[in-house]
1. How much of the accessible area of the range 121-183, in percent, comes from carbon and sulfur atoms when a 1.4 Å probe is used?
2. Within 10 Å of each candidate Cβ there may be at most 11 other Cβ atoms; applying that plus a DSSP loop requirement, which GluC sites (Glu not before Pro) in the range 86-155 survive?
3. Mind checking the per residue accessible area of the chain for me, 1.4 Å probe, whole number of Å²?
4. Between the DSSP loop rule and a limit of at most 11 other Cβ atoms within 10 Å, which chymotrypsin sites (Phe, Trp or Tyr not before Pro) in the range 184-221 are left?
5. Assign one of three labels to the range 168-231, namely rounded, prolate or oblate, based on the Cα gyration tensor with a ≥ b ≥ c the square roots of its eigenvalues; rounded applies when a/c is under 1.5, prolate when it is not and a/b is larger than b/c, and oblate otherwise.
6. Convex hull volume of the Cα atoms in the chain, per residue, in Å³?
7. Pairs Lys252/Lys292; Lys23/Lys43; Lys43/Lys264; Lys54/Lys239; Lys43/Lys83; Lys214/Lys239: which are spaced more than 32 Å apart, C-alpha to C-alpha?
8. Calculate the spin-label point distance for Ile85 paired with Thr123, positioning each point 7 Å from the Cα along the beta-carbon direction, and give it in nanometres.
Amino acid sequence: MGYIQKLMLPPTPSAADLLRTYKLPALRRFAQNFLLDPRGTSKFVACAGNIENKFVIEVGPGPGGITRQLFEHGAAQVAAIEKDIRLFPALQTLANAVDSRLRLYLGDILDFDIESVIPDSITSQRGSWESNESSSLSPIHLVGNLPFNIAIPLLIRWLQQVSTQSGPFSYGYRIPITICMQEAVAGRIVSDALMDQRGRLSIIFQNWFDCRIKHIFSGRAFVPAANVNVAVMQLIPLKRPLVDVSYDLLDKVTRTAFHTRNKKMGMTMTSLFHQETCDEDTRELLHRAHLKSDTKCLTLTVEEFGQLAQIYGDIISRPRPIHEQIDKKINEKELTFELGETYVRSKKLE
Ligand code: SAM
């Protein structure tokens, strides 16, 4: 992408003016709480780091307060994806002021193919996460002040894509994500072992991202005011995950463990397995992970959860002829099957 000098926009109505001009009340159904004060929008964009000459994908631009700041902080191009069609005339005013550097897309981000908006000049230069040492080399940034109910499903989708280096993360860049969410949810993501807010989100996000809360806005910073404080969270994909394990396995194990967070692992982990073998499988799981059955999930590190997920994956991927036979109702007296490297004689099947 060519060098574009950081520049002030030509005189353009502010996002607040545009909302007034186009008579656009915030709609509850789109969970609209706009950030209109330029000090707030500038603060949000500063949290994204250096975006000079970068291609920025903004989710839910609203009337364009943050979008405008992205240009004032030197973004080369912005692709903005917005669901509320009423906001397009206001956004178009901003687009006219920056020539072709702002592309507007009408759509729901949860169904939207983000890769389709990334310019060929970036997609054609596929690098690798190994060679692109620093996330600051990423020519792409993802940003958004989104409805709270969209932020986590969207982040989980991006997390799954990071875990397989697919979607927008397939071009070899560790794309930084800067996004607003409720302070309490952000607290759960960054929480360490033994902290009250520790949970599944802490483990799955910390395994693949460097997670930081960059700023807290009071709910009063938004129009209309949000009824909770809002955190600006930055997530930068790690060059390598803390533990190399599939998202599905880590998600399953952490979901199960934190379902009853105060119970002992020897009890909670049994529900991971088939009822016929759950006691034996749980014993093996905890033994191989060097954990005691009275260990509580709050005490475990991300690495320990990752190891549990790897061992769990190993246990469930073994042939399970007893259950298969039961399911198929095959009436055999005796069955021999392979269990890892040892041969085990099964129970008699009636
Ligand atoms: N970013 C703007 C700002 O800070 O003023 C607007 C913030 S408002 C909390 C969230 C924005 O996301 C709204 O403009 C809303 O219409 C839009 N939005 C809501 N759901 C969306 C979705 N599924 N896909 C894309 N945009 C969405």
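The values are calculated or read from the model by the stated rules, or taken from the named source; none is laboratory data. Predicted model, so just to flag it, every value in this text is computed and none were measured. Using ideal geometry, Cβ is built from the backbone for each residue, glycine included, and neighbour counts are taken over all protein chains shown. What goes into the accessible areas is simple: the full protein's heavy atoms, side chains included, and nothing from ligands, DNA or RNA. Shrake-Rupley method; radii C 1.70, N 1.55, O 1.52, S 1.80 Å.
1. Working: 1080 of 2260 Å².
It is 48 percent, rounded to a whole number.
2. Values: sites: Glu115, Glu130, Glu133; in loops: Glu130, Glu133.
Passing sites in the range 86-155 are Glu130, Glu133.
3. Working: 17200 Å² over 350 residues.
Accessible surface, normalised per residue, equals 49 Å².
4. Details: sites: Phe205, Trp208, Phe209, Phe217; in loops: none.
Of the chymotrypsin sites (Phe, Trp or Tyr not before Pro), not one in the loops of the range 184-221 has a Cβ with at most 11 other Cβ atoms within 10 Å.
5. Numbers: a/c = 3.02, a/b = 1.29, b/c = 2.35.
In terms of gyration-tensor shape, oblate.
6. Values: hull volume 57.0 nm³, N = 350.
Normalising the Cα hull of the chain by residue number yields 163 Å³.
7. Flagged as over cut-off: Lys43/Lys264.
8. Once both label points are built, they end up 2.6 nm from each other.
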